[in-house]
1. Where the eigenvalues come from the Cα gyration tensor of the chain, what are the semi-axes √(5λ) of the equivalent ellipsoid, largest first, in whole Å?
2. So what is the calculated 222 nm ellipticity per residue for the chain, using -39500 (n - 2.57) for each DSSP H run with n of 4 or more, over all residues, to the nearest 500 deg cm²/dmol?
3. Treating the beta-carbon of each Lys and Arg as +1 and of each Asp and Glu as -1, no other charges, what is the dipole magnitude of the chain about its Cα centre, to the nearest 20 debye?
4. Considering only Met89, His194, Leu243, whose Cα is most displaced toward the positive end of the charge dipole of the range 2-257, charges sitting on Cβ of Lys, Arg (+1) and Asp, Glu (-1)?
5. Just to be sure I understand: with springs between alpha-carbon atoms less than 10 Å apart, which residue in Ile147, Ile131, Ile158 has the highest mean-square fluctuation in the Gaussian network model of the chain?
6. Dipole magnitude of the range 199-318 about its Cα centre, charges +1 at Lys/Arg Cβ and -1 at Asp/Glu Cβ only, in debye to the nearest 20?
7. May I ask you to sort Arg15, Arg314 by Cβ crowding, counting other Cβ atoms within 10 Å and putting the fewest first?
8. Can you tell which of Val219, Pro14, Val184 lies farthest toward the positive end of the dipole of the range 2-257, using +1 and -1 charges on the Cβ of basic and acidic side chains (Lys, Arg; Asp, Glu)?
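The numbers here are math on the coordinates, done by the rules we state, and not lab data. Remember, it's a predicted structure, so these values are computed and weren't measured experimentally. No Cβ is skipped: glycine too gets one built from the backbone with ideal geometry, and neighbour counts run over all protein chains shown.
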Amino acid sequence: MVGSLIEFWSVRLPRWADRWSPRLGDALADGAWTVQWPALAAYAPAAALGVGFLSPVLWPGMRHVYTESLLFMLVVVIGAIGSGPVGVMLLSGYVIGRLLVGSRLSASSWDFDGLVRERGGELISFVLLAILAVVIPLVAQRMARQIPLDRLPPDPNIRLAAHAALYGIGCGLLTYLWCQGTVVLIRPVFTWVHSQPTVEAISPVQVTGRLLVIAAAGVAAARVLVENLHVRRGPVLATLVDLERRRRADGQRHSLWRRTPIAARIALATALVPLLLAGTYTGWIDAVVVAAATAALGAWRAGLIGRMPAAWSRLALKIPALVRVMGAFVIGQILANVMIGSWLARDSFRPVMLGALLTLATFYALFPQRRDLA
């Protein structure tokens, strides 16, 4: 039974995901390193699915959304960084459980428009949770691996410590950015159903979010050390190599995103970014501005309108991704602070919206498409 479950989580499910999204496949296969503890590798993802499914109903203090519980978010952060399939299953279970809970609208106030508003707000919360549970660990891993360590002493322990520190910094930084954004972006869960965000929904992220950052950085660094010192240098290494070989046996790794036409990718981003920034809107005109700006930035990055200078693209791509993320964040913070202190504020979130758009433009400039090198 244990062996079959390990095969399912580490080989069969990732191999299926590889045919659609190799990144999702990588996330699902990320728990293979826990095969050192067979019961953990076999049962932890299933347990995570159950916890996620039951949490909207049974988790203490979680009435409307997961941000009401610091403990639940800690479980997500620690579980996702420790094991990719745990993060994916926590997300999947929560989404299914939340959708099955039913509408929070009273019978007397129910209507189709109200249901759409409620589910739309929940969709935003699902995307934000997916970033925390799946995207952050994957992106931080890639950023840490891209930083060359060849200038360090050849001692493998020194390089391992450096890699652990880089992964910890990456997870901590991205989690901090997530906390900063979620404070505002989670608002449609309440505002779209004509309510106001509660203190209980915002405080765990805004006030005690630093605990999430510390947990993310600490668990990430600890995982790298444990995985490399006690797993990959031991007899279980052969098992890990065999699991990875069987996962990639059919060679079916096809990114649905990369097969999607450029115009469709831009259209999807034009729909997703305005949805995520809905918590910053003062009126419908803000949504139009964000959609237009997102479409223009996407077309610019894709080379459909204008093109980044090849020299700039080459320079940007030589800089480690972790450094570029930090740079984009600093620039975005400066621009946002300037706007918040300007006449644009007027007791609204519009400066935050404009700051987010400028930060998006900065990210696009610092992460050019490789086609810009031609």
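1. Semi-axes from the Cα gyration tensor: 33, 28, 20 Å.
2. Roughly -22000 deg cm²/dmol at 222 nm, from the helical runs in the chain.
3. For the chain, the charge dipole is close to 1140 debye.
4. Value: Leu243.
5. The residue with the greatest mean-square fluctuation here is Ile158.
6. The calculated dipole for the range 199-318 is roughly 720 debye.
7. Arg314, Arg15
8. My answer, from the dipole projection, is Pro14.
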